[in-house]
Amino acid sequence: MKKILNMSFIIFILLVIITYPAAAALKVGILPDADSIPLIVAQEEGLFSETGSEIEIVSFHNPIERDSALQAGAIDGAISDVLAVLFSVDNGRNVKITSLTNGRYVLLSGKNSNIKSYEDLKNVEIAISSNTIIEYITDRLLKSNGLEDEEIAKIAIPKIPVRLQMLEEGKVKAACLPEPLASVLIKNGANKIGESTELGEAPGIMLFKDEALEKKEKEIRDFYAAYSKAVELLNNKSDSYRDLLINKAGFPEEVKESFVFPEYDKPHLPQESTVQLVINWMEKKDLIEGQYTYQDLIEKGFVE
């Protein structure tokens, strides 16, 4: 009789486990860029584990891989940008912006170039990736510094390593590149003309799928709690994380000592003006068919 009771108890436990499976991990995609460093610090310092939620950081080599994983349901959210959100929503994929991130994009001229200022960039072809945050930042920087539409010339070189190499070899006179690759070029003698921080907020953001926002609310709140702690650690002792840049973030070895860490902000929502400027730019270029507002793209429930 006792054996029967024990067996019944075991069967009951198994049924409970089957009926109520463990919560799936919250999976967040990152790229080898400055925005991602707080998440890598949170992971390496065990800050995600401390929350009690299972949170997994998934690294990708490029935005195409990241976006494909998001579309396939392999990740719940990602470090991305406002343009990617608008493209997704316009194509019927339900994602929301949950916070701003701290990326940095730099406009450069080659090391042997006489181009030293925005004025010098008039009618000079600038290597960019079309219809991306890179082109958006390039346009904003040039127009904010006095160049007119007819004075702006661009050449599309989508692959970042190719763009970097062509600038180094003098095959293009100027280019816009993200960190940390911009730091590689500057270390090798390239001239910095300007960077996205001049514009105030850049449109780098954190996004999550609507399904994750609904079903993994606790995990996302825990994600942001750990993120905030990682920001404090980075801002207080960033130099102690230089090895992490190479070993975990996938940065080139040559920027280990020269990379300038941004002053990371605690997670907060982008300003409405930041998002609206991107919407206006994409509408002007006929990149989206629908009409969208700040409220359509933002999820306000997780950060201020």
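Among the residues that make up the range 138-156, is at least one of them under 20 Å from the mean Cα position of the chain (by Cα) and without any contact (Cβ under 8 Å) to a residue 60 or more places away in the chain? Yes; the residues of the range 138-156 include at least one that is under 20 Å from the mean Cα position of the chain (by Cα) and without any contact (Cβ under 8 Å) to a residue 60 or more places away in the chain.
Can you report the number of residues in the range 41-63 which are assigned to a helix (DSSP H, G or I) and among the aromatic types (Phe, Trp, Tyr)? Here the count works out to 1.
If the condition is being buried (at least 18 other Cβ atoms within 10 Å of the Cβ), over 17 Å from the mean Cα position of the chain (by Cα) and over 21 Å from Ser99 (Cβ atoms), then the range 245-280 contributes Val255, Phe259. Listed here are the strands (runs of 3 or more DSSP E) enclosed by the range 71-144 that have at least 2 residues being farther than 30 Å from Arg221 by Cβ: 105-109, 125-128. Does the range 180-196 include one or more residues that are within 27 Å of Phe87 (Cβ to Cβ), in the same structural domain as Asp81 (by TED's automatic domain parsing) and not in a helix (DSSP H, G or I)? No: the range 180-196 contains no residue that is within 27 Å of Phe87 (Cβ to Cβ), in the same structural domain as Asp81 (by TED's automatic domain parsing) and not in a helix (DSSP H, G or I).
The values are calculated or read from the model by the stated rules, or taken from the named source; none is laboratory data. This one's a predicted model, so the numbers in the text were calculated from it and none came from an experiment. In this analysis, Cβ positions are derived from the backbone assuming ideal geometry, glycine residues included, and neighbour counts consider all displayed protein chains.
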